[in-house]
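Asks: Encoded as structure tokens, here's the structure I'll be asking about.
The values are calculated or read from the model by the stated rules, or taken from the named source; none is laboratory data. Values in this document were obtained by computation on a predicted structure and should not be read as measured data. All Cβ positions, even for glycine, are placed from backbone atoms using ideal geometry, and neighbour counts span all protein chains on display.
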Amino acid sequence: MNLDFDADDLRFRDEVREFFADGIPETWRTRVRAGLRLDPEDLIYYQRRLHARGWGAPTWPVEYGGTGWTPTQQYIFWSEAARADAPAQFHQGLELIGPIIFTYGTDEQKARYLPRILTLDDWWCQGYSEPGAGSDLAALRTRADRDGDDYVLNGQKMWTSYAHVASHVFVLARTSQEAKRQQGISLILVDMNTPGLRVQKIPTMDEKYHTNELFLDDVRVPVSNLLGEEGKGWGYGKVLLDRERMVSAATAIFLTQTVRGIRDAATRRRVGGVPLIETPGFATKLAQFEIEVIALQTMVLRLMDDAARGADSGPRGSMVKLRWSQLTQAGTALWVEALGPESAHFAPLGNGDGPAEDMPYALQGALYSRVTSIYGGSSEIQHNIIARRALGL
Amino acid sequence: MDFAYSDEQQMLRDSVLRYGEEHWAAADRLKTLAAGPEMTKRRWAEMAELGWLMLPIAESDGGLGGSAADVMAVMEGVGRHLMAVPYVTSCVLVPALLEGSEAGAELLGEIGAGTAVAAAGFLEADSGYDLRHVTTRTVRHGEGWRLSGAKVHVEDGADADWFVVSARTAGADHESDGIGLFLIDRAAEGLAVDGSRAIDGHRHARLMLDDVAAIPVGDVEAATPVIEAAVDRAIAAQLAEAVGSMEAASEATLDHLRTRHQFGVAIGSFQVLQHRMVDMVVAGEEARSMAYHATLNLGRDPHTRTRAVSAGKVRVAESGVYVGQQAVQLHGGVGFSEELIVSHHLRRQMMLAQAFGNADHHRTRFARLGAGA
Ligand SMILES: Cc1cc2nc3c(=O)[nH]c(=O)nc-3n(C[C@H](O)[C@H](O)[C@H](O)COP(=O)(O)OP(=O)(O)OC[C@H]3O[C@@H](n4cnc5c(N)ncnc54)[C@H](O)[C@@H]3O)c2cc1C
């Protein structure tokens with residue numbers, strides 16, 4: 001047992017570090033550190049730069065244009081990205097639908113969709129949740145009725161993030177009514193330009209545009225847009241949800257960025273002539289946060305080691321999701337605290353000097369962080385999963 | 001001992017609540033805030049007409065001389081209905097700063113009538129939340145005074161007509177002696193007001209003062225005790241506001257637990273959510289108790305008063321943010337939306353938690369005060 005990287009890994013690390021030595025604009029820094037997504041055009045630029053280097057899909061197999069990296073290499077890549085204040089890649093195509101397409105899709109679907117995910121020419125969004133189906137996703141009611149060679153979709157999706165940006169949406173819809181609710185659900189790929197789709201913004205408390213209602217009104221798509229087998233979509237959906245937890249494992253590595261955001265703010269701000277970072281009260285709080293980040297990162301390393309050995313990590317993914325959301329909430333709150341009274345100055349009125357440094361992003365990140373314990377399986381649901389799967393309760 | 005509101009206070013409380021229901025309905029909040037200061041001004045005029053703006057102002061200053069408990073009765077409703085108005089700053093804090101002063105007499109009349117709004121600025125770039133760390137400089141020109149410096153945060157200052165600011169007349173930057181209070185007209189030459197909106201709809205300011213003409217208030221070398229007592233009154237008022245907001249957020253959440261169904265049952269049937277809901281209500285109880293503790297100690301000696309106010313501030317800040325966060329959490333995705341009122345309660349709680357010093361600042365102040373009497 002050891003924590004050392006071998007010589008190949010170290011060489012790889014240097015290579016990645018060199019890549020990240022430039023090309024990451026400073027204007028991204030505060031948003032990235034606060035856990036906020038960059039604007040779509042920035043994410044597209046970043047994705048294409050990675051793709052040009054052959055690194056567009058760190059978790060995919062080589063045959064589909066991925067890197068084929070070992071879990072250790074993935075870890076190194078993300079650590080270096082985090083170190084350089086690079087953003088997390090947009091995950092809904094890359095980590096959510098991409099892997100389902102290359103696992104269950106037809107050759108035609110693979111050829112058509114996968115390359116465009118790598119370049120972000122196609123931007124995918126996830127149409128799962130509905131007004132009546134959140135934690136209880138199996139309660140979904142959107143229907144896909146067979147009509148000749150088409151499916152006709154009707155229903156309402158909720159919280160469809162980035163539907164206003166996306167070119168495609170992957171939808172879970174009912175293709176038949178079965179006794180068991182999880183049956184008769186299919187996964188269908190839909191072009192966002194299809195007539196009958198309507199996107200309506202959901203304003204959120206962080207004042208950032210992420211998410212939408214998506215209305216489907218006689219949306220007609222060819223049957224060839226079905227992914228995998230009809231009625232088996234729930235199983236694929238579960239694969240997705242598990243992967244989504246792994247996404248937060250990757251995101252956990254990026255928490256070191258938040259540590260730096262806090263540290264910089266607390267170094268800059270002086271309280272009674274002393275930098276805040278040197279006051280024992282604040283220094284120990286930051287230490288506590290950093291210690292918890294180290295604990296989580298070591299959990300992530302163990303998770304990746306399991307993956308390398310093909311071992312089942314059980315619900316450790318849920319544990320990581322749970323702790324990551326708690327830490328991103330705690331970290332951004334501490335950052336806001338470091339800014340002191342100036343964090344009350346969110347949006348400038350008129351033509352003053354503009355906001356203080358780190359504003360509004362640090363506070364926007366703190367607000368946004370509240371949703372991390374709700375989406376992708378809420379913290380309560382993660383507890384249920386751990387209780388059931390790990391403890392047999 | 002008596003923790004009950006008098007009949008009169010109860011009536012006052014009820015009428016503020018009724019007013020809030022009618023004029024600050026949760027369903028209209030976005031529209032109200034979007035309409036900006038004009039709408040707020042209309043609301044302010046209504047509140048003036050109801051006599052609430054002059055309630056905290058001393059009788060000798062032409063106000064109604066309401067007690068701290070009277071103010072509490074008003075503030076519960078302000079919090080419950082998230083009224084984004086400068087009540088605490090203009091009607092509680094500033095009148096306490098100007099009480100009995102010649103300089104402030106006319107302004108206090110206007111504040112009570114709702115024709116002028118005033119805000120107070122103490123904090124500076126290096127001061128943290130310490131009210132005694134004052135570097136804004138003063139120069140005396142015969143009868144007049146001129147101020148230069150910067151105030152980094154003036155609560156509710158963006159739309160104020162007048163500012164009361166602290167400035168140093170003697171001593172070193174951090175000494176408690178040698179601090180004076182000065183009144184500044186918003187239109188004064190050399191004053192730059194940099195306004196910004198907070199996440200809770202309140203509108204604050206930063207002030208840049210460059211040789212600005214200012215009117216001295218009271219003893220210009222000994223204002224610290226006045227400032228600290230006034231800020232403690234403002235804090236106590238905000239504690240009641242926080243309690244009102246917490247209770248409203250808890251009620252909305254309880255309602256949601258009863259009506260939202262997942263997995264074929266009301267989510268309120270999940271034990272983990274029941275227990276969380278109970279913790280929210282316990283936090284509300286604790287916060288209400290602390291609001292009483294702080295408010296009912298306001299009239300005592302400074303040591304007792306500051307201990308009580310800091311204790312209240314710490315506990316209410318923590319409980320308030322907790323309740324706001326859990327209200328959002330238990331609502332699920334909709335809790336995060338602009339549309340639902342719980343997200344507004346969380347934002348207000350986050351801002352209240354740091355107004356006039358965050359929990360760390362007040363824990364430190366409490367610790368430094370030593371043992372209680
Ligand atoms: C900003 C944002 C972006 C999102 N993006 C997407 C997206 O792109 N695509 C998509 O499909 N979805 C998306 N979602 C939806 C998200 O996954 C759901 O919000 C989430 O599944 C919770 O569902 P809900 O909001 O209906 O809450 P509910 O399921 O109604 O939950 C309400 C509360 O009850 C608790 N609860 C529910 N069931 C149980 C139980 N059995 N035991 C204990 N507690 C329970 C929850 O933890 C929560 O606290 C997004 C949501 C948000 C807010």
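Asks: When only residues in the range A:150-171 that are away from every other protein chain (no Cβ under 14 Å) and of a type in the set (V, I, T) count, which is surrounded by the most Cβ atoms within 10 Å (Cβ to Cβ)?
Replies: A:V171
Asks: Being among the small types (G, A, S) and closer than 27 Å to A:G331 by Cα narrows it down to one of A:A21, A:A52, A:A57, so name that one.
Replies: On the way: A:A52 fails: closer than 27 Å to A:G331 by Cα; A:A57 fails: closer than 27 Å to A:G331 by Cα.
Among A:A21, A:A52, A:A57, only A:A21 is among the small types (G, A, S) and closer than 27 Å to A:G331 by Cα.
Asks: With (1) under 16 Å from B:F122 (Cβ atoms); (2) in contact with a strand residue (DSSP E or B) (Cβ under 7 Å, 6 or more places away or on another chain); (3) surrounded by 22 or more Cβ atoms within 10 Å (Cβ to Cβ) as the list, and B:M208 as the residue in question, which single condition is left unmet?
Replies: For B:M208, the failing item is (3).
Asks: For the subset of the range A:184-211 comprising residues that are more than 17 Å from B:L30 (Cα to Cα) and surrounded by fewer than 17 Cβ atoms within 10 Å (Cβ to Cβ), which member is nearest to the ligand (Cβ to nearest atom)?
Replies: Keep residues of the range A:184-211 that are more than 17 Å from B:L30 (Cα to Cα), which gives A:184-200, A:210-211.
With surrounded by fewer than 17 Cβ atoms within 10 Å (Cβ to Cβ) added as a condition, the list becomes A:191, A:193-196, A:198, A:200.
Details: A:D191: 17, A:N193: 19, A:T194: 18, A:P195: 22, A:G196: 19, A:R198: 16, A:Q200: 14 Å.
It comes out as A:Q200.
Asks: Among the residues of the range A:375-393, what is the count of those that are under 24 Å from A:H91 (Cβ atoms) and either away from every other protein chain (no Cβ under 12 Å) or assigned to a helix (DSSP H, G or I) (or both)? Show your work before the answer.
Replies: Start the filter on the range A:375-393 by keeping residues that are under 24 Å from A:H91 (Cβ atoms), which leaves A:375-386, A:389.
Next cut, either away from every other protein chain (no Cβ under 12 Å) or assigned to a helix (DSSP H, G or I) (or both) only: A:379-386, A:389.
So the answer is 9.
Asks: May I pose another question? Could you list all residues from the range A:27-79 that are touching a Pro at 6+ places or on another chain (Cβ under 8 Å), in a loop (DSSP other than H, G, I, E, B) and more than 15 Å from A:R13 (Cα to Cα)?
Replies: Result: A:R37, A:L38, A:T59, A:W60, A:G65, A:G66, A:G68.
Asks: Still on this structure: What's the number of the condition B:G333 fails, among (1) within 12 Å of chain A (Cβ to nearest Cβ); (2) surrounded by fewer than 21 Cβ atoms within 10 Å (Cβ to Cβ); (3) within 16 Å of the ligand (Cβ to nearest atom); (4) not hydroxyl-bearing (S, T, Y)?
Replies: Among (1) within 12 Å of chain A (Cβ to nearest Cβ); (2) surrounded by fewer than 21 Cβ atoms within 10 Å (Cβ to Cβ); (3) within 16 Å of the ligand (Cβ to nearest atom); (4) not hydroxyl-bearing (S, T, Y), B:G333 violates only (2).
Asks: Kindly check whether there is at least one residue in the range A:112-130 that is assigned to a helix (DSSP H, G or I), closer than 29 Å to A:R49 by Cα and over 22 Å from the mean Cα position of the chain (by Cα).
Replies: The initial filter retains those residues of the range A:112-130 that are assigned to a helix (DSSP H, G or I), namely A:112-118.
Then keep just the ones that are closer than 29 Å to A:R49 by Cα; that gives A:112-118.
Keeping just the survivors that are over 22 Å from the mean Cα position of the chain (by Cα) gives A:112.
Yes, there is a match, as at least one residue in the range A:112-130 is assigned to a helix (DSSP H, G or I), closer than 29 Å to A:R49 by Cα and over 22 Å from the mean Cα position of the chain (by Cα).
Asks: Out of A:Y151, A:Y162, report the one residue that is in contact with a Leu (Cβ under 9 Å, 6 or more places away or on another chain) and among the hydroxyl-bearing types (S, T, Y). Quick ask: steps written out before the conclusion?
Replies: Working: A:Y162 fails: in contact with a Leu (Cβ under 9 Å, 6 or more places away or on another chain).
A:Y151 is the lone residue from the list that is in contact with a Leu (Cβ under 9 Å, 6 or more places away or on another chain) and among the hydroxyl-bearing types (S, T, Y).
Asks: For the range B:88-206, give me every one of the strands (runs of 3 or more DSSP E) that falls completely inside it and has 3 or more residues that are away from chain A (no Cβ under 14 Å) and modelled with pLDDT of 95 or more. Outline the logic, then answer.
Replies: Working: elements: B:118-123, B:137-141, B:144-154, B:162-168, B:179-185, B:191-197.
By residue number, B:137-141, B:144-154, B:162-168, B:179-185.
Asks: Identify, from the list B:E59, B:E46, B:E38, the residue that is more than 20 Å from B:E155 (Cα to Cα), free of Cβ contacts under 8 Å to residues at least 12 places away in the same chain and surrounded by fewer than 16 Cβ atoms within 10 Å (Cβ to Cβ). Outline the logic, then answer.
Replies: Numbers: B:E46 fails: free of Cβ contacts under 8 Å to residues at least 12 places away in the same chain; B:E38 fails: more than 20 Å from B:E155 (Cα to Cα).
Selected residue: B:E59, the only one of B:E59, B:E46, B:E38 that is more than 20 Å from B:E155 (Cα to Cα), free of Cβ contacts under 8 Å to residues at least 12 places away in the same chain and surrounded by fewer than 16 Cβ atoms within 10 Å (Cβ to Cβ).
Asks: Here are the criteria: (1) buried (at least 23 other Cβ atoms within 10 Å of the Cβ); (2) without any contact (Cβ under 8 Å) to a residue 40 or more places away in the chain; (3) polar (S, T, N, Q). Tell me which single one B:T135 does not satisfy.
Replies: Looking at each condition in turn, B:T135 falls short on (1).
Asks: Criterion first (touching a helix residue (DSSP H, G or I) at 6+ places or on another chain (Cβ under 7 Å), within 14 Å of the ligand (Cβ to nearest atom) and not in a loop (DSSP other than H, G, I, E, B)) does A:T372 satisfy it? So that I can check it myself, show each step before the final result.
Replies: Details: touching a helix residue (DSSP H, G or I) at 6+ places or on another chain (Cβ under 7 Å): yes; within 14 Å of the ligand (Cβ to nearest atom): yes; not in a loop (DSSP other than H, G, I, E, B): yes.
Considered against the rule, which asks whether it is touching a helix residue (DSSP H, G or I) at 6+ places or on another chain (Cβ under 7 Å), within 14 Å of the ligand (Cβ to nearest atom) and not in a loop (DSSP other than H, G, I, E, B), A:T372 comes out as yes.
Asks: If you don't mind, there's one more thing I want to ask. In the range B:262-288, what count of residues is obtained for those that are part of a strand (DSSP E or B) and near the ligand (Cβ under 9 Å from one of its atoms)? Explain how you work it out, then say what you get.
Replies: Initial filter on the range B:262-288 (part of a strand (DSSP E or B)): B:262, B:265-266.
Of the ones still in play, those that are also near the ligand (Cβ under 9 Å from one of its atoms) are B:262, B:265.
Count: 2.
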